[in-house]
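Have a look at the structure below, then the notes.
Any read-out appearing in this document is the output of simple, stated calculations on the displayed coordinates, not a laboratory observation. Since this is a predicted model, take the numbers as computed values, not measurements. Methodologically, a virtual Cβ is constructed for each residue, glycine included, from the backbone with ideal geometry; neighbour enumeration extends over all protein chains shown.
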């Protein structure tokens, strides 16, 4: 699929069909996340793959009871790994670059899922400590975003976007 078609088709989907994701597609999604640019190419992020029904229900509870998370066959939790970035960039790596690295990787995974005919939604509203416990993350891994992925059971409407005249500022 053409990149601009992928961008055009991406929607925030909150209902998933009870159909597993093919292993080849999941591998491509993870490879896309791994190919994301990162500060100093340090890849200061970790991905936790959650497939167990009880763990997905716990993630849904930790996310202000967003029950659709438990419907998705796969939930990828992207965590910043500040220590990886701190080694080279000190506090800026801890405060900013590791978060950016995890965010960019999540975006690449989201776009890859769309290109493969799957749907997802970025989830950022959650209790960090609860998510950390559910995924059994190392102490220094900081949850940044969750990405439920699956086949859509709905077709969300296109949402309005700001006009470029309002959004872009020439300096």
*What is the number of the single condition among (1) in a loop (DSSP other than H, G, I, E, B); (2) within 15 Å of the chain's Cα centre (by Cα) that residue 32 does not meet?*
(1)
*Pair list, Cβ < 6 Å and 6+ apart or interchain, from segment 54-70 residues that are on the phi > 0 side of the Ramachandran plot and touching a residue at least 60 places away in the same chain (Cβ under 8 Å) to residues that are surrounded by fewer than 22 Cβ atoms within 10 Å (Cβ to Cβ) and not in a helix (DSSP H, G or I)*: 64/125
_Residues (surrounded by 11 or more Cβ atoms within 10 Å (Cβ to Cβ) and assigned to a helix (DSSP H, G or I)) located in segment 116-171_ = 128, 130, 131, 132, 133, 134, 135
*Any residue at all in segment 67-81 that is crowded, with 17+ Cβ neighbours inside 10 Å, out of contact with any strand residue (DSSP E or B) (no Cβ under 7 Å at 6 or more places or on another chain) and farther than 15 Å from residue 43 by Cβ?*
yes
_Filtered residue count, segment 2-26, keeping only those that are over 15 Å from the mean Cα position of the chain (by Cα) and part of a helix (DSSP H, G or I)_ = 10
*Verdict on residue 90 being out of contact with any strand residue (DSSP E or B) (no Cβ under 6 Å at 6 or more places or on another chain) and either in contact (Cβ under 8 Å) with a residue 40 or more places away in the chain or under 24 Å from residue 36 (Cα atoms) (or both)*: yes
